[in-house]
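Remarks on the structure that follows.
Read the figures in this text as sums done on the coordinates, not as results from a lab. Keep in mind the model is a prediction, meaning the values are calculated, not measured. Note that we place each Cβ from the backbone using ideal geometry, even for glycine, and neighbour counts take in every protein chain shown.
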Amino acid sequence: MKTLLLYMLCCFTAAQGFSQDCTVNVDSLKGTYTGDCKKGKANGKGTAKGTDEYTGDFKDGYPDGNGKYIWQNGNWYEGGWKKGAFEGQGTLSKKGVNKDDSVIVISGYWHKNEYKGQYEKPFVVTALSNDLNDLSTRKLGNSKDEIMITVKNITGGASNLSYNQLPKARLTDIQMISGKYDQLMPDETSSPVSNKYIIRNVTFPFHAILTFETGSLGTNLHPEKVDVEIFENGYWSIQVNIDN
């Protein structure tokens, strides 16, 4: 009898330890918590149930790491978390307003609960030459799928040269790796010290090696290369300054 009572006491103590009073800092998850605990807060892996439910990683009482959150209405998010907010890669599934509406699924990358897009970084543009003084990329909008390229030679002392003394850098080759485009057109807005080009009707993701040259036309001096990888559709601008 004593052995049975001791066994039951041990089981009760273990159960109490497993479902200990461990703080969860999200109001909608306050109710019951089962899982790892440290210094009175949910830490490690666990499940919290309040009006909503979350199962996954916790840190200092917040969802942090990877886990799945289910709202009372059946919507859910599964993926990365940081201090109680969507962070990193994840998928949000939401039911439509009406029962017959299809489920809306949003997958991609998140930062502080805000959806950032399908890709963690919408572009990666890398200089492959040492003489590239500056390289900048930005998205201008979503009105068209084009890439505008501006290239400028900023040779040391160029500010003391007149326009006709400074050879303009040129885009001379596009080596396609993935994606495609229909046309490469010189832009009429090119200035006396730079050349502009428009790559039209781009199919994204677009990945190519761009080659630029300076010096007199036809001399093929100082080829400079840029690795361009753009994942997201839109109208993009790439500015290349070459120091020669």
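Going by a ≥ b ≥ c, the root eigenvalues of the Cα gyration tensor, does segment 53-158 fall in the rounded group (a/c under 1.5), the prolate group (a/b larger than b/c) or the oblate group? Before the final figure, lay out the partial values.
On the way: a/c = 4.81, a/b = 2.07, b/c = 2.33.
Because a/c hits 1.5 or more and a/b fails to exceed b/c, segment 53-158 counts as oblate.
My understanding is that a pair violates if its Cα-Cα distance is over 22 Å; which of 82/116; 49/116; 41/68; 82/139; 139/168; 121/196 do that in this structure? Present the calculation step by step, with values, prior to reporting the outcome.
Values: 82/116 15 Å; 49/116 29 Å; 41/68 19 Å; 82/139 28 Å; 139/168 25 Å; 121/196 25 Å.
Where the Cα-Cα span goes over 22 Å, the pairs concerned are 49/116; 82/139; 139/168; 121/196.
Fewest first, what order do 229, 114, 213 take by the number of other Cβ atoms within 10 Å? Write out the running numbers ahead of the final one.
Details: 229 18, 114 10, 213 23.
With the fewest neighbours first, 229, 114, 213 line up as 114, 229, 213.
Test of understanding: ordering 135, 210 by Cβ neighbours within 10 Å, fewest first, what list do you get? It would help to have the intermediate numbers written out before the result.
Details: 135 15, 210 23.
Fewest-to-most Cβ neighbours within 10 Å comes out as 135, 210.
Could you list which residues have their amide H under 5 Å from that of residue 238, counting only those 5 or more apart in sequence or on another chain, with H placed in the peptide plane?
Counting only residues 5 or more places away or on other chains, the set is 148, 149, 150.
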